[in-house]
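Let me begin by presenting the structure, written as structure tokens, before commenting on it.
The values are calculated or read from the model by the stated rules, or taken from the named source; none is laboratory data. Computed from a predicted structure; not experimentally measured. Every residue, glycine as well, gets a Cβ built from its backbone with ideal geometry; the counts of neighbours run over all protein chains shown. In case anyone asks, the SASA skips ligands and DNA or RNA and just uses the protein heavy atoms, side chains included. Shrake-Rupley method; radii C 1.70, N 1.55, O 1.52, S 1.80 Å.
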There are 2 protein chains.
Amino acid sequence: MGQNFTTISEIGEFELIKRITTEFPKNQTSTIAGIGDDAAVIATENLQQTVVTSDMLVEGVHFDIVYTPLKHLGYKAVVVNLSDLAAMNAKPTQILINIAISSRYTVESIEELYDGVRIACEEYKVDLIGGDTTSSKSGLVISVTAIGVAKSEEIIYRNGASKNQLVCVTGDLGGAFLGLTLLEREKRVFLEDGNMQPALEGFEYPLQRQLRPTARTDMRLIFETLNLIPTSMIDISDGLSSDINHLCIQSNVGCMIFENKLPFDPSVIELAAKFNLNSSLCALNGGEDYELLFTIQQSDFEKVKNHPDISVIGFITEASEGMKMELADGNIIDLSMKGWNSFSEA
Amino acid sequence: MGQNFTTISEIGEFELIKRITTEFPKNQTSTIAGIGDDAAVIATENLQQTVVTSDMLVEGVHFDIVYTPLKHLGYKAVVVNLSDLAAMNAKPTQILINIAISSRYTVESIEELYDGVRIACEEYKVDLIGGDTTSSKSGLVISVTAIGVAKSEEIIYRNGASKNQLVCVTGDLGGAFLGLTLLEREKRVFLEDGNMQPALEGFEYPLQRQLRPTARTDMRLIFETLNLIPTSMIDISDGLSSDINHLCIQSNVGCMIFENKLPFDPSVIELAAKFNLNSSLCALNGGEDYELLFTIQQSDFEKVKNHPDISVIGFITEASEGMKMELADGNIIDLSMKGWNSFSEA
């Protein structure tokens with residue numbers, strides 16, 4: 001190996017925090033005080049509201065350290081929270097990160113994790129303004145809080161969908177789940193024969209969707225450019241099925257989705273076939289695509305119909321009609337709550 | 001036992017979140033949207049700044065489930081974050097909580113934890129507006145983010161102390177550490193003989209300081225009433241020694257503290273004697289008292305000298321003079337950085 005590794009206890013908590021929090025430039029003028037005091041201070045502009053979300057990633061539950069590079073993990077931990085802000089149509093501005101790490105992690109590995117955090121901060125122009133770094137008895141736990149701003153009238157909630165409105169998604173679906181499936185298979189192969197090299201070529205896209213997801217914070221500008229105000233919105237973190245359930249229940253409506261309107265990347269369809277999986281089921285139940293699911297007025301159809309980042313996949317019905325999907329063969333299925341439940345895997 | 005226990009997987013993540021987040025009344029008019037969407041929304045008032053902090057409590061590192069009732073733990077997890085806001089002289093308004101729990105915890109135990117969170121929210125008039133509940137492979141991890149507000153000119157940073165100013169603390173010190181020492185001893189006794197009942201009588205105060213600490217959010221009003229603006233402030237979470245180091249280093253000053261000015265509760269002195277411990281060392285290195293350490297102009301001495309909640313314990317010197325404490329016997333010691341480091345215990 002030839003590399004030097006530093007244990008965390010060698011340098012101590014304060015030195016570790018110092019090392020990992022340097023080189024985080026300030027991107028937002030609203031960041032008055034960041035790391036280094038009892039709390040961070042953010043300036044608030046008149047007529048802006050603060051939008052805030054927090055999520056936790058747990059080793060062995062949300063990620064497998066065997067095939068998750070720490071840099072990607074740090075990056076993803078930030079992005080999944082920014083995705084929640086994007087789902088409110090808010091502009092992300094600051095994040096706080098708490099991590100608990102066991103002593104088997106080296107200082108260098110934690111620096112790698114924070115490299116990923118730094119890259120995400122740069123790409124999304126958010127400031128790391130605080131957090132806590134502590135030890136854990138086992139494994140790695142990352143908790144991220146993301147803060148954003150939006151004018152009151154810009155914020156899009158889950159509960160604004162109503163009958164006859166159109167259901168849209170950004171980007172394409174199912175990729176993150178297939179990327180995970182591929183990584184899980186290669187891990188099994190590797191555990192059986194340590195000399196086997198993982199066969200990942202040609203599937204960079206689904207792997208990237210799993211390991212280095214994108215938060216659709218770009219949609220805020222796209223909506224503005226299209227002069228389009230979605231009536232409701234949610235991000236697809238648990239799978240289309242689960243997330244459309246949330247949206248419909250909170251809006252007290254039903255929906256009809258068309259399977260043949262679901263957007264897929266060609267490499268995702270190819271990989272699904274390779275695993276004998278149904279692409280649509282990957283989109284419905286896979287999760288982690290971090291695309292946005294939103295509804296618009298029917299009269300806004302012209303604004304989105306030719307947009308490369310937006311697919312119209314169905315329409316809103318009355319609550320009594322339930323949440324349905326018409327399959328490519330004409331059959332109609334129920335979209336019952338089958339989203340990923342981390343507890344059932346515990 | 002006769003009680004029914006419910007496993008988390010029996011009811012699932014969404015039902016669990018529903019159960020634990022009901023009965024959280026709204027205390028703050030600034031809370032526009034709380035739990036139930038992709039993110040929470042907070043109204044911001046003109047001329048107010050947002051103050052935000054986040055901390056993580058890890059089973060086996062920050063708490064021992066053997067002697068920490070879950071209700072107290074939930075309460076404490078909130079309070080330690082509100083203490084950070086108090087240390088900025090901000091008014092706490094909202095919190096978010098992420099928890100990771102292993103499947104050995106029952107639904108009822110998590111409800112107990114949230115009972116403590118709810119009591120803290122009621123007492124401090126803050127709103128629970130979000131968070132994440134997920135599984136962990138082992139143990140319990142709680143991450144709390146607390147949000148508060150203050151006018152720009154009200155916020156007190158760590159870096160405002162200067163030469164000849166007076167060093168003050170609120171309340172009394174050392175109690176939380178002695179409460180912990182007592183709990184640790186009783187745990188050892190119990191492990192040796194399971195029939196022994198813990199001998200905790202007469203020491204309710206230090207036990208309460210450890211298990212049910214207080215955030216000094218009341219000081220904001222006291223400062224206002226006294227027409228007093230501290231020049232710098234920090235909360236005592238790691239121990240007086242460590243925290244005065246932070247304050248002095250960030251203010252680029254030194255200090256002289258007088259041992260015989262340190263405030264102690266009589267029960268704390270009694271308990272320290274019982275354990276053959278030096279009360280002053282408990283105050284310096286124990287931590288978790290969550291009192292406020294702050295500096296004031298010398299000319300403000302009259303305002304604080306008779307206040308029952310404030311003790312003047314020393315004064316600020318030049319950085320070159322270092323951080324010192326004059327002992328009761330006249331000897332002078334260095335207050336070097338000896339604060340609690342969670343990594344060295346990992």
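Regarding A:Val268, is this residue of a type in the set (A, V, I, L, M) and either at pLDDT below 95 or over 25 Å from B:Asp38 (Cα atoms) (or both)?
Working: of a type in the set (A, V, I, L, M): yes; either at pLDDT below 95 or over 25 Å from B:Asp38 (Cα atoms) (or both): yes.
Against the criterion (of a type in the set (A, V, I, L, M) and either at pLDDT below 95 or over 25 Å from B:Asp38 (Cα atoms) (or both)), A:Val268 qualifies.
Scanning region B:1-25 for residues that are among the polar types (S, T, N, Q) and either open to solvent by less than 40 Å² (accessible area, probe 1.4 Å) or within 12 Å of another protein chain (Cβ to nearest Cβ) (or both) yields B:Thr6, B:Thr7, B:Ser9, B:Thr21. Across region B:211-269, what is the total count of residues that are within 13 Å of the chain's Cα centre (by Cα) and on the phi > 0 side of the Ramachandran plot? Here the count works out to 1. Of the residues making up region A:44-53, those that are within 7 Å of chain B (Cβ to nearest Cβ) and closer than 14 Å to B:Val41 by Cβ are A:Thr44, A:Gln48, A:Gln49, A:Thr50, A:Val51, A:Val52, A:Thr53. Among the residues that make up region A:59-77, is at least one of them closer than 30 Å to A:Ile156 by Cβ and at the interface with another protein chain (Cβ under 8 Å from one of its Cβ atoms)? For region A:59-77, residues closer than 30 Å to A:Ile156 by Cβ and at the interface with another protein chain (Cβ under 8 Å from one of its Cβ atoms): present.
For region B:89-112, which positions are over 30 Å from B:Pro230 (Cβ atoms), part of a loop (DSSP other than H, G, I, E, B) and among the small types (Gly, Ala, Ser)?
Answer for region B:89-112, where residues must be over 30 Å from B:Pro230 (Cβ atoms), part of a loop (DSSP other than H, G, I, E, B) and among the small types (Gly, Ala, Ser): B:Ser102, B:Ser103.
Kindly provide the set of residues from region B:213-255 that are of a type in the set (Asp, Glu) and over 18 Å from B:Met323 (Cα atoms), ordered by number.
Let us first name the residues in region B:213-255 that are of a type in the set (Asp, Glu), namely B:218, B:224, B:235, B:238, B:243.
Passing the criteria: B:Asp218, B:Glu224.
Among the residues that make up region B:214-230, is at least one of them part of a strand (DSSP E or B) and either within 14 Å of another protein chain (Cβ to nearest Cβ) or touching a residue at least 12 places away in the same chain (Cβ under 8 Å) (or both)? Scanning region B:214-230, I find no residue that is part of a strand (DSSP E or B) and either within 14 Å of another protein chain (Cβ to nearest Cβ) or touching a residue at least 12 places away in the same chain (Cβ under 8 Å) (or both), so the answer is no. Any idea which of A:Leu281, A:Leu292, A:Leu271 is among the hydrophobic types (A, V, I, L, M, F, W, C), buried (at least 19 other Cβ atoms within 10 Å of the Cβ), more than 14 Å from every other protein chain (Cβ to nearest Cβ) and over 28 Å from B:Val107 (Cβ atoms)? After ruling out the rest, the residue left standing is A:Leu271.
Got a sec? Which of B:Pro213, B:Pro263, B:Pro198 is open to solvent by 10 Å² or more (accessible area, probe 1.4 Å) and modelled with pLDDT of 95 or more?
Numbers: B:Pro213 fails: open to solvent by 10 Å² or more (accessible area, probe 1.4 Å); B:Pro198 fails: modelled with pLDDT of 95 or more.
After ruling out the rest, the residue left standing is B:Pro263.
One line per residue, one yes/no per condition, for (1) part of a loop (DSSP other than H, G, I, E, B); (2) within 14 Å of chain B (Cβ to nearest Cβ):
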{"residue": "A:Thr134", "(1), (2)": "no, yes"}
{"residue": "A:Ser138", "(1), (2)": "yes, yes"}
{"residue": "A:Ser162", "(1), (2)": "yes, no"}
{"residue": "A:Glu201", "(1), (2)": "yes, no"}
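Kindly indicate the residue of region A:174-185 that is farther than 30 Å from A:Leu128 by Cα and buried (at least 24 other Cβ atoms within 10 Å of the Cβ) and also nearest to the other protein chains (Cβ to nearest Cβ) among those meeting that condition. Taking the candidates together, the pick is A:Gly174.
If I filter region B:91-100 for residues that are under 24 Å from A:Glu59 (Cα atoms), more than 7 Å from every other protein chain (Cβ to nearest Cβ) and open to solvent by less than 10 Å² (accessible area, probe 1.4 Å), do I get at least one hit? Yes, the conditions are met somewhere in region B:91-100.
Of the residues B:Val167, B:Val144, only one is over 18 Å from the mean Cα position of the chain (by Cα), within 25 Å of B:Asp235 (Cα to Cα), modelled with pLDDT of 95 or more and assigned to a strand (DSSP E or B); which?
Numbers: B:Val144 fails: over 18 Å from the mean Cα position of the chain (by Cα).
None of the others qualify; the one that does is B:Val167.
With respect to A:Ser152, determine if the residue is surrounded by 23 or more Cβ atoms within 10 Å (Cβ to Cβ), at pLDDT below 95 and within 14 Å of chain B (Cβ to nearest Cβ). Here the answer is no, as A:Ser152 does not meet what is asked.
Scanning region A:82-128 for residues that are in contact (Cβ under 8 Å) with a residue 60 or more places away in the chain and more than 20 Å from the chain's Cα centre (by Cα) yields A:Ile101, A:Ser103, A:Tyr105, A:Thr106, A:Val107, A:Glu108, A:Ile110, A:Glu111. A search for C-beta distances below 7 Å between a residue of region A:255-282 that is polar (S, T, N, Q) and any residue that is open to solvent by 10 Å² or more (accessible area, probe 1.4 Å), counting only pairs 6+ apart in sequence or on different chains, returns A:Asn260/A:Ala328; A:Ser267/A:Phe203; A:Ser267/A:Tyr205; A:Ser279/A:Phe264; A:Ser279/A:Ile269; A:Ser280/A:Glu259; A:Ser280/A:Leu262. For region B:227-245, the count of residues that are surrounded by fewer than 23 Cβ atoms within 10 Å (Cβ to Cβ) and of a type in the set (Asp, Glu) is zero. Residues that are open to solvent by 10 Å² or more (accessible area, probe 1.4 Å) and within 15 Å of B:Met56 (Cα to Cα) within region B:116-135 comprise B:Gly131, B:Asp132, listed in sequence order. For region A:26-43, the candidate set comprises residues that are open to solvent by 30 Å² or more (accessible area, probe 1.4 Å) and in contact (Cβ under 8 Å) with a residue 60 or more places away in the chain; within that set, the residue that is nearest to the other protein chains (Cβ to nearest Cβ) is A:Ile35.
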